[in-house]
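Just passing along the structure, written as structure tokens.
The values are calculated or read from the model by the stated rules, or taken from the named source; none is laboratory data. Computed from a prediction, not measured in an experiment: that's the story for all the values here. All Cβ positions, glycine included, derive from the backbone under ideal geometry; neighbour counts span all protein chains shown. Side chains included, ligands, DNA and RNA excluded: accessible areas come from the protein's heavy atoms. Shrake-Rupley method; radii C 1.70, N 1.55, O 1.52, S 1.80 Å.
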Amino acid sequence: MSDRPRAGPFPPRPTLPPGESPLREVEGAATLGWGLVGASAIAAAHTVRAIRSQPPIPTGDGRTGITSARIVGIFSHSEARAQRFADAHAVPHVFVNLADLLSHPGVHCVYISNHPRHHAQSALAALAAGKHVLCEPPLALDLAEAERVAHTALSRGLVLAVNFVRRAEPAIRTLRELLAERAIGDLLGGRVSHTMLLHTPMQTWRLRSGGGGALLDRLAYSVDLLRFVLRDEIAAIQSISAPQLLGDAVEEDVVSHVMLRRNDIIFQLHDSFLVPHTPTSLEVYGSAGALVARHCLDDEGPSELLLLRHGKGAPIPLAPADPYRESIRRFLDAVRTQGVPLATGADGVQSLAAVLAAQESLRRGVKVALARPERPPVDRSIF
């Protein structure tokens, strides 16, 4: 098996005139090698394909292309799990030690999707080795540690991105643009519904303390969408939790009220492991209408966007896109100094600050203002 892209719902490659040879992909100096840290379900379902499906880099003759990115190897704390992953996805190398993967000369970028309690340590090790890092949320479990990771990347001139792929959903991108154009007038508020049943295979570490819970697994994404589409920061949050049904260690169903800093409005967030059947959604209410994005936080179907006025809804046409593929593309562009990642380390810090504030709100039963970093990472990606 090779590292060539597998078949999938991606745009076809450009066709050539009759009789000409098809495009070929070959490795070259511009090819970026990836090391995978964690044999995760998301890596198996999305990330491997997203890396391998990046379009080739044109060479100028129109007949060949340099492979944009390839997967060099994988490390997992379970060698057997890493080997099974490598066998299933044709990953060339399995590393028993993280240091061995990070010292491989062919690895330029590291994708981190192991247990959340290992994210910060893995990211710091990769940055110390001079590798660019794409990390699944959360960036860390402690705010000071997350800030340390973000500042380490900045000080070393390396790209650090957090894989908030939902920013690339077509409905979310279009909603953000419409809000910037004041398509629904003055903002009045809204709600996020991030409610999906936590299926049995996923009822492992997500139901345990030290990295699990609906806040880290769901609220982190909900808050990031708000920051992104509204171009605003979270000022304070107040949360309440429903009784636990799947376990007794972490919160499973949480409703939060979020106060925004600049817009001076309130959003309601429902993040749950327990509610099936309904699509995830983001609703934004305005004085001249409302925008409703559905399937914007799940993979159950293509995202869709409705404009509501006077009780009637009109669907807004959206160009199809693969958010996982787009996140990898934006990351690779940033590594090549041709753009910025979809979400930066600073975004990861702010999202974690909201999660920690919500956790404190549950413990104390009060509204909690978000802690401000003592040295905020230099980033204006949401503006």
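At 7 Å along Cα-to-Cβ for each site, give me the label-to-label distance between residue 128 and residue 231 in nm.
4.0 nm
Which of rounded, prolate or oblate describes region 186-225 when judged by the alpha-carbon gyration tensor and an a/c cut-off of 1.5? Let's see the in-between values first.
Working: a/c = 4.46, a/b = 2.27, b/c = 1.96.
Prolate shape, in that a/c is at least 1.5 and a/b is the bigger ratio.
Further question on the same structure: Can you give the extra length, in nm with one decimal, that the chain gains between residue 363 and residue 275 once fully stretched, where that is 0.36 nm per residue apart less the Cα-Cα distance? Let's see the in-between values first.
Values: separation 88, 0.36 × 88 = 31.68 nm, distance 2.29 nm.
Gain on extension, residue 363 to residue 275, equals 29.4 nm.
On the accessible surface of the chain, probed at 1.4 Å, how many percent belong to carbon and sulfur atoms? Intermediate values should be presented prior to the final figure.
Values: 9230 of 17210 Å².
For the chain, the apolar C and S fraction of the accessible surface comes to 54 percent.
For a test of the definition: using alpha carbon positions, the gyration tensor, and the 1.5 limit on a/c, classify region 216-264 as rounded, prolate or oblate.
Values: a/c = 4.00, a/b = 2.21, b/c = 1.81.
Note, shape of region 216-264 comes out prolate.
Let me ask something else. List every residue whose amide H lies under 5 Å from the amide H of residue 161, counting only residues 5 or more places away in sequence or on a different chain, with H placed 1.01 Å from N in the peptide plane.
Those lying under 5 Å, H to H, from residue 161 are 133, 134, 135.
Starting from the Cα gyration tensor of region 51-128, take the square roots of the eigenvalues, sort them a ≥ b ≥ c, and report rounded, prolate or oblate (rounded when a/c is under 1.5, otherwise prolate if a/b is larger than b/c, else oblate). Each step should come with its number before you reach the end.
On the way: a/c = 2.51, a/b = 1.79, b/c = 1.41.
Prolate.
Here is a further query. Which whole-angstrom value gives the distance between the alpha carbon centres of region 158-185 and region 30-49?
24 Å
Sticking with this one: Which is farthest toward the positive dipole end of the chain among 316, 143, 238, measuring Cα position about the Cα centre, with Cβ charges +1 (Lys, Arg) and -1 (Asp, Glu)?
316
To continue, here is another question. Scanning the chain for trypsin sites (Lys or Arg not before Pro) in DSSP loops with at most 16 other Cβ atoms within 10 Å, what's the longest stretch left with none? Mind showing how you got there, number by number?
Values: sites that count: 6, 63, 182, 208, 231, 261, 262, 336, 367, 380.
Longest stretch, sites excluded: 64-181.
What longest region of the chain stays clear of GluC sites (Glu not before Pro) that DSSP places outside H, G, I, E and B and that have at most 15 other Cβ atoms within 10 Å?
Values: sites that count: 20, 27, 181, 300, 374.
Result for the longest clean stretch: 28-180.
Relative to the present Cα-Cα distance, how much length would full extension add between residue 249 and residue 29 at 0.36 nm per residue of separation?
74.3 nm
Determine the per residue accessible area of region 168-322 with all protein chains present and a 1.4 angstrom probe, expressed in square angstrom.
Details: 6910 Å² over 155 residues.
About 45 Å² of surface per residue is accessible.
7 Å from Cα along Cα→Cβ at both residue 180 and residue 44: what's the point-to-point distance in nm?
My value for the distance between the label points is 3.9 nm.
For region 174-189, in order, what is each residue's ³J(HN,Hα) by Karplus, 6.51 cos²θ - 1.76 cosθ + 1.60 with θ = phi - 60°, in whole Hz (x at glycine and Pro)?
5, 4, 4, 5, 5, 5, 5, 8, 6, 5, 10, x, 6, 6, 10, x
Quickly work out the residue 156-to-residue 268 label distance, labels modelled 7 Å from Cα along the C-beta direction, and quote it in nm with one decimal.
Modelled inter-label distance: 4.5 nm.
Given a Förster radius of 41 Å and the C-beta distance between residue 203 and residue 100 as r, what FRET efficiency does 1/(1 + (r/R0)^6) yield to the nearest 0.05?
Numbers: r = 33 Å, r/R0 = 0.80.
After rounding, the FRET efficiency stands at 0.80.
While we're here: Pick from 141, 32, 246: which residue has the top mean-square fluctuation in a GNM of the chain where Cα pairs under 10 Å get a spring?
Taking springs between Cα atoms under 10 Å, the residue moving most is 246.
Moving on. What residue among 277, 257, 151 shows peak mean-square fluctuation when the chain is described by a Gaussian network model with Cα springs under 10 Å?
Taking springs between Cα atoms under 10 Å, the residue moving most is 277.
Could you work out how much longer the chain between residue 78 and residue 312 gets when fully extended? Use 0.36 nm per residue separation minus the Cα distance between them, nm to one decimal. Display every interim value, and only then the final one.
Values: separation 234, 0.36 × 234 = 84.24 nm, distance 5.32 nm.
78.9 nm is the gain from fully extending residue 78 to residue 312.
Enumerate the calculated ³J(HN,Hα) couplings along region 335-341 in order (Karplus 6.51 cos²θ - 1.76 cosθ + 1.60, θ = phi - 60°), each rounded to whole Hz, writing x wherever the residue is Gly or Pro.
Listing the rounded values in order: 4, 8, 6, 10, x, 10, x Hz.
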